[in-house]
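Reading through the structure tokens given below for one structure.
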Amino acid sequence: MIEDYKVIGLMSGTSLDGLDIAFCRFQKDDGRWNYEILCADTLPYSHEWQQRLSSLENASAFEYAKTHADLGHYFGRCVADFMTNHRLQRTDVDFVSSHGHTIFHQPQIGLTTQIADPNAIAAETGLPVVADFRTLDVALGGQGAPLVPIGDNLLFGNYNSCLNLGGIANISFEKKGKRVAFDIAPCNMILNYLSKKMDMPYDRGGAVAKSGVASDDLLKALNSLEYYLLPYPKSLGKEWFVENFEPLFAHSSYTVRTLLATATEHISCQIAKTLNDNKLSSVIITGGGAFNDFLIESIHQKADCQIFIPNSLVVNYKEAMIFAFLGVLRIRGEANCLSSVTGAKASCCGGSVTGTALRDARLRSPRIRLVEP
């Protein structure tokens, strides 16, 4: 029997590019999962939303709570418009699966928060919503990140490793029969930060970075950051970026071209080191950084590894698709967060289910399931 799910996945990343929406179909046939992205869009954040989200960690408790609610309604309206634009009826969609937008991520003190109230999304769409995927893992002593590796394992298992170049570069691969994954380094988060100094949202194709020359002193300082010496599981958040990474650029006298060249060289160094140290022979690359020709070229020059870049739908919407898939696993009551990746006491079935229109018995919340590593 083929099991079939149609889900809208939502992803908002640390680079604040916008909200990714992907309508996906998942089928399980004879124990194997297949996927298809049926349609997808990215809705760029307005300047107002970018400002509001980028400074929220320093706002009042009231403003934090208000933004959580407001962003949920905004996500819900975006989904409703997406459905209208693609002529989707409510009966075409089983549920919405939302990553939310991370504001605080400090697993070392047991804290991670993703805003965009799923109740507001449900109210705007009339659909059930699965959300809040990270907090159970953090409560179990894990990093709460990365979450994508379970999807890498079940949907992209024919590749030796999976590398995502989003706000943060992260990787997952099999090691000694277990999936491991971790954040490698800041990626588009720093490249976009620098590009905005030249009144560009991003450095298209890495053209500006390619025209510059990396600074040896700054590169040495970046490569010497303590994070790169830590063993995995490990993950990065905006707080770490602001405290450890941004100051090295913010107070520099180098030109933006030099800074972009240095940042790109640093990112490619750390990625290539990870690929080479773990003897990974093939990697599929997704995320916005896959379109940065200079960054990909820099990785290719340093890494002894075959590089594969899929079609643009998968490049752009893999993370939104996998969060849709995490929702499917949550509804099925199956593990969607791996302790081998996060370092938690056990793998778990994380996420909350909300919404009044639970049309199907399979959407009834299963009990939390922990799986011993």
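To put it simply, the accessible area of region 1-51 at a 1.4 Å probe is 41 percent carbon and sulfur. I'd like the FRET efficiency for residue 4 and residue 48, computed as 1/(1 + (r/R0)^6) with the beta carbon distance as r and R0 of 30 Å, rounded to 0.05. Computed FRET efficiency for residue 4 and residue 48 comes out at 0.15. Please determine, in degrees from 0 to 90 and to the nearest 10, the orientation of helix 61-85 with respect to the longest principal axis defined by the Cα atoms of the chain, where the helix direction is its Cα long axis. Orientation of helix 61-85: about 70 degrees from the principal axis. Since only 350, 62, 83 are under comparison, the one whose Cα sits farthest along the positive direction of the charge dipole of the chain, derived from C-beta charges on Lys, Arg, Asp and Glu, is 350.
Once the 1.4 Å probe is applied to the protein heavy atoms, region 149-255 comes out at 47 Å² accessible per residue. What do you get for the angle between helix 312-332 and the principal long axis of the chain? Use alpha-carbon atoms, 0 to 90 degrees, nearest ten. With both axes taken from Cα atoms, the answer is about 40 degrees. Helix-derived [θ] at 222 nm for the chain: sum -39500 (n - 2.57) over DSSP H runs of at least 4, divide by residue count, nearest 500? Estimated from H runs of four or more residues: -11000 deg cm²/dmol. Normalised by the number of residues in the chain, the average gap of Cα pairs under 8 Å and 6 or more apart makes the relative contact order 21 percent. Rounded to the nearest 5, the antiparallel percentage of DSSP beta bridges internal to region 21-149 is 90%.
Taking 7 Å steps out from each Cα toward its Cβ at residue 352 and residue 213 produces label points 5.5 nm apart.
Rank 101, 266, 300 by mean-square fluctuation in a GNM of the chain with C-alpha springs under 10 angstrom and give only the top-ranked residue. Between 101, 266, 300, it is 300 that shows the largest mean-square fluctuation.
For region 87-231, the carbon plus sulfur part of the accessible surface works out to 50%, probe radius 1.4 Å. Applying 1/(1 + (r/R0)^6) with R0 = 30 Å to the Cβ-Cβ distance of residue 306 and residue 229 gives a FRET efficiency near 0.60.
Between the amide H of residue 351 and those of 136, distances stay under 5 Å, these residues lying 5 or more places away or on another chain, with hydrogens modeled in the peptide plane. Net charge dipole, the chain: roughly 700 debye, given to the nearest 20, about the Cα centre with Cβ charges of +1 for Lys and Arg and -1 for Asp and Glu. Relative to the longest principal axis of the Cα atoms of the chain, the long axis of helix 256-277 makes an angle of roughly 70 degrees. Look at where the Cα atoms of region 181-254 and of region 43-61 average out, and the two centres are 21 Å apart.
The values are calculated or read from the model by the stated rules, or taken from the named source; none is laboratory data. Treat the numbers as computed from the prediction; the structure is a model and nothing was measured. When we count neighbours, we look across all protein chains shown, and the Cβ atoms used for this are built from the backbone with ideal geometry, even at glycine. What goes into the accessible areas is simple: the full protein's heavy atoms, side chains included, and nothing from ligands, DNA or RNA. Shrake-Rupley method; radii C 1.70, N 1.55, O 1.52, S 1.80 Å.
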